[in-house]
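To start, the structure under review is shown below, and the notes come after it.
The values are calculated or read from the model by the stated rules, or taken from the named source; none is laboratory data. Note that the structure is a prediction, hence the values are computed from the model and not measured. Heads up, the Cβs are rebuilt from the backbone with ideal geometry, glycines too, and the neighbour counts pull from every protein chain shown. Ligands, DNA and RNA are excluded from the accessible area calculation, which covers all protein heavy atoms including side chains. Shrake-Rupley method; radii C 1.70, N 1.55, O 1.52, S 1.80 Å.
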Amino acid sequence: MRRALLFVGFLALGWAAWDTGADPVRLARGVPFILDFLWRTIPPDPRVLPSALAGALTTVEIALLGTAVAAVLALPLGFVSARNVAPAPLFYPARTVLNFFRSVDTLVYALVFVAAVGLGPFPGVLAVVAYTTTSLAKLYGEAIEGIEPGPVDAITATGATRLQILRFGVLPQVLPLFLSYVLYRLETNIRAATVLGFVGAGGIGFYLQTYLRMIDYPAASTVLLVTVAMVMIVDGVSSRLRDRLV
Amino acid sequence: MIEVRGLRVVLPPDTVAVDGVDLLVNAGEFVVILGRSGAGKTTFLRALNRLVEPTAGTIRVAGRAVTGAGRGELREARRRIAVIFQQFNLVRRASVQENVLAGRLGYVRALPSVLGRFPPDDRALALECLAQVGLAHLAERRADTLSGGEQQRVAIARALAQSPDVILADEPTASLDPQLTSSIMDILRRINVERRLTLVVSQHQLETALAYATRIVGFRRGRVGFDGPPSALSPAVIAAIYGDGDAA
């Protein structure tokens, strides 16, 4: 059985390699071009630093605002998608709808929202909200499903209402996890937001794409370096905050 | 105070945990339910406030119907039935004081309470209850920083904060070191005597049951096998309760 699975696995990978035209020789032939590209990005052009920084700021704003709004919107959705607190008639539709919307990536949402509300950072924020709400709702729901039932029993036994049970029996158990998931999402959203500019949804991606199209590699490398620095700073701050939560 | 008639509880998928129990408990009694683990003691206690839904039978506590009660009526019945659990079931990340205050949830208005606002009288009552179990000095501490014995005392304070007619305690000392058993049981006895509260406490330890109960109810395979004062508990009866001749 295990051998058969292994065999099928290798077969699938082999076919995928053939179908995608994966070819080490082609890669080796491409190496000089990669080196040439890297060579031409040196030195980075400092003149575009102000616009790169402005773009980075917009990207951080898109991720921050989008994540914050999604963190709140996901709360009710998280509760209705948790098997142990939601009634079955709510739970099953909620799970299905969330899985449906979660399978669409932020960038695809951005295309939709750019078409709907026009160019700029705003459709970027909407795209981050759309994706993050559903993905956080699922994480929230799973956290709620993992709680200890004991405190919930105890609060129920006091004659508390459903809302009070959620607030005093469930929420204290999951809140630190929720915050940690929100920070984790913020980190991934910063990365996702760097490419939103490619489709006209604002931020640093717009500059990267523009300079690459203009074949201004020194300028593009400045933008890339700023992007890397921005992601590293946000990651560092966020993971330090997360460590203190759990 | 407690009237149970024909109580039957079938746990999914098909475990008959309580199999036709009739029990009348008078106000002020200290009833100890004795039995091996798996005899149905926990399920019986959980059915009394419908944390477990009874399959058949009727339950009345302090003059209120528990079975057949609508949502609001059930909450009103529940707030007069305090429960103490084997695992304490405190909210770990909340402060001791907040845990005791949770005992008032059935009385205060729901919306302000959810926002963390409780009337001053309820806060004062919670602190008073905490003082009665001797832990007023730990009010600000996080619940999970306390020892097991302290946590169970906080749970007792939470139960008192409910201003209950009845306290149900499910193996309240089973998760504690043996030397803490008497300290917890002493507090329960004091509540029983001083407040004239009705107590129903499950125990698997015979000596503890004999030392504290005014009445002992022996459970065996979901049924009442003995019901009487501790003095009537003969070795033959004890053997029947604990015997393993036909244990499942």
**Request:** Pick out which of B:Leu199, B:Leu51, B:Leu130 has the largest mean-square fluctuation in a Gaussian network model of chain B, springs linking Cα atoms closer than 10 Å.
**Result:** B:Leu51
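Find the relative contact order for chain A and round it to a whole percent, using C-alpha pairs within less than 8 Å whose residues are 6+ positions apart.
Working: 305 pairs, mean separation 70.5, N = 246.
So the answer I get is 29 percent.
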**Request:** Name the most mobile residue of B:Gly20, B:Gly72, B:Gly149, meaning the one with the largest mean-square fluctuation, in a Gaussian network model of chain B with Cα contacts below 10 Å.
**Result:** B:Gly72
**Request:** With runs of 4+ DSSP H residues as the only contributors, calculate the mean residue ellipticity of the protein assembly as shown at 222 nm using -39,500 (n - 2.57) per run, divided by the residue total and rounded to the nearest 500.
**Result:** -18500 deg cm²/dmol
**Request:** Leaving ligands, DNA and RNA out of it, work out the accessible area of A:Trp15 with a 1.4 Å probe and give it in Å² to the nearest 10.
**Result:** 150 Å²
**Fill in**
By the C-alpha gyration tensor axes a ≥ b ≥ c (rounded if a/c is under 1.5, else prolate when a/b exceeds b/c, else oblate), the shape of the stretch B:35-102 is oblate
**Complete:** Using eta = 0.890 mPa s and T = 25 °C, Stokes-Einstein with Kirkwood Rh from Cα pairs puts D for the stretch A:127-246, in µm² s⁻¹, at 144 µm²/s
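Sorted by accessible area (1.4 Å probe), largest first, how do B:Asp122, B:Asp14, A:Asp23 line up?
Details: B:Asp122 20, B:Asp14 115, A:Asp23 65 Å².
So the residues, ranked largest to smallest area, are B:Asp14, A:Asp23, B:Asp122.
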**Item:** Mean accessible surface per residue for the protein assembly as shown, computed with a 1.4 Å probe while every protein chain stays in place, in Å²
**Value:** 50 Å²
**Message:** If you take the accessible area of B alone plus A alone and subtract the pair, what total do you get in square angstrom, rounded to 100, with a 1.4 Å probe?
**Reply:** 2000 Å²
**Message:** Quick test of the membrane-span-like rule: which DSSP H helices of chain B reach at least 24 Å along their long axis (C-alpha atoms) with mean Kyte hydropathy at least -1.0?
**Reply:** B:178-194
**Fill in**
If unit charges are put on Cβ atoms (+1 for Lys and Arg, -1 for Asp and Glu) and the dipole of the stretch A:45-245 is taken about its Cα centre, the option from A:Pro87, A:Val125, A:Ser221 lying farthest towards the positive end turns out to be A:Pro87
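In debye to the nearest 20, how big a dipole does the stretch A:45-245 give about its Cα centre with +1 on each Lys and Arg Cβ and -1 on each Asp and Glu Cβ?
On the way: 13 positive and 11 negative charges, 45 e Å.
The dipole of the stretch A:45-245 has a size of about 220 debye.
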**Ordering of A:53-62, A:72-81 by burial proxy (mean other Cβ atoms within 10 Å per residue, highest first)** = A:53-62, A:72-81
**Prompt:** Across peptide B:153-160, what mean number of C-beta atoms from other chains lies inside 10 Å of a residue's C-beta?
**Reply:** 1
**Prompt:** How far is helix A:171-194 tilted off the main Cα axis of chain A, in degrees rounded to 10, range 0 to 90?
**Reply:** 20 degrees
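On average over all directions, what projected area in square nanometres does chain B have, based on the convex hull of its Cα atoms?
Working: hull surface 54.3 nm².
Averaging across all directions leaves 13.6 nm² for the Cα convex hull.
Using only alpha carbon pairs under 8 Å that are at least six residues apart, calculate the relative contact order of the stretch B:93-145 and give it in whole percent.
Relative contact order for the stretch B:93-145 comes out at 59 percent.
Given a 1.4 Å probe and heavy atoms of the protein chains only, how would you sort B:Arg92, B:Arg117, B:Arg46, largest accessible area at the top?
Working: B:Arg92 125, B:Arg117 165, B:Arg46 60 Å².
Putting B:Arg92, B:Arg117, B:Arg46 in descending order of accessible area: B:Arg117, B:Arg92, B:Arg46.
One-quarter of the Cα convex hull surface for the stretch B:88-163, in nm²? Write down the numbers at each step before the final one.
On the way: hull surface 17.7 nm².
Result: 4.4 nm².
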**Asked** Do any trypsin sites (Lys or Arg not before Pro) in the stretch B:191-235 lie in a DSSP loop with no more than 13 other beta carbon atoms within 10 Å, and if so, which?
**Response** B:Arg196
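Over chain B, what is the mean sequence separation of C-alpha contacts under 8 Å (at least six apart), divided by residue count, expressed as relative contact order in percent? Present the calculation step by step, with values, prior to reporting the outcome.
Details: 479 pairs, mean separation 70.0, N = 248.
Relative contact order of chain B: 28 percent.
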**Prompt:** Within the stretch A:131-174, whose backbone N sits under 13 Å from a point 7 Å along Cα→Cβ of A:Tyr184?
**Reply:** A:135-144
**Asked** For chain A, modelled as a Gaussian network with Cα springs under 10 Å, which listed residue fluctuates most, A:Leu11, A:Leu171, A:Leu65?
**Response** A:Leu11
**Asked** Got a number for carbon plus sulfur as a percent of the protein assembly as shown's accessible area, 1.4 Å probe?
**Response** 63 percent
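Could you give the dipole magnitude of the stretch B:88-163 about its Cα centre, charging the beta-carbon of Lys and Arg +1 and that of Asp and Glu -1, in debye to the nearest 20? Intermediate values should be presented prior to the final figure.
Details: 10 positive and 7 negative charges, 41 e Å.
So the magnitude is around 200 debye.
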